[in-house]
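Accompanying notes for the structure given below.
The values are calculated or read from the model by the stated rules, or taken from the named source; none is laboratory data. No experiment lies behind these values; they were computed from the predicted model shown. All Cβ positions, glycine included, derive from the backbone under ideal geometry; neighbour counts span all protein chains shown.
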Amino acid sequence: MLQLCKVTASLLIGNARAACNEDLLTREGVTFCVNVTRQQPFPGLQQVRGIRIPVFDDPAEDLYRYFEQCSDAIEEAVKSGGKCLVYCKNGRSRSAAICTAYLMRHRKLPLKDAFETVKTARPAAEPNAGFWSQLQRYEEDLQ
């Protein structure tokens, strides 16, 4: 199903198939994408900027090192009046971890509340065990 889930009014999460549906992105007003994959394509819309975070959905991958970069890029897009879409292949693990990290950093939510916000928006959200432990470390580092 092609769907973008609203984590906040200006933060969306989804899968790669939905992210490349130009009609859907236009309808949702997406202006910035965080592509958390090594090989999935970017949307073909010129008005949508983006960054690639080249990681696999593997517990051994170091996603932690991208938390600040992604969070700040999302916040910049939001503050400029745009909407940000964070996506990975299935919209389940990598993208959920990045959205959770953003809420922890820029909305000052504890990990539990940040993840519950993401999970409420996208029930399939479930960062793998390695990403979850990196989020726990990030929560400690933010305090």
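Does any residue of the stretch 44-64 turn out to be under 20 Å from Asp141 (Cβ atoms) and either of a type in the set (Lys, Arg) or in a helix (DSSP H, G or I) (or both)?
Yes, some residue in the stretch 44-64 is under 20 Å from Asp141 (Cβ atoms) and either of a type in the set (Lys, Arg) or in a helix (DSSP H, G or I) (or both).
Hey, Gln143 hits all of (1) at pLDDT 95 or above; (2) more than 22 Å from Leu25 (Cβ to Cβ) but one; which does it fall short on?
Answer for Gln143: the failing condition is (1).
Can you name every residue in the stretch 95-117 that is within 12 Å of the chain's Cα centre (by Cα) and either farther than 15 Å from Ile13 by Cβ or not small (Gly, Ala, Ser) (or both)?
Hits for the stretch 95-117 are Ile98, Cys99, Thr100, Tyr102, Leu103, Phe115.
Can you name the residue in the stretch 43-68 that is aliphatic (A, V, I, L, M) and touching a strand residue (DSSP E or B) at 6+ places or on another chain (Cβ under 9 Å) and is also nearest to Gln134 (Cα to Cα) among such residues?
Selected residue: Val55.
Restricting the search to the stretch 70-103, which residues are β-branched (Val, Ile, Thr), in contact (Cβ under 8 Å) with a residue 40 or more places away in the chain and in a helix (DSSP H, G or I)?
Within the stretch 70-103, Ile74, Val78, Ile98 qualify.
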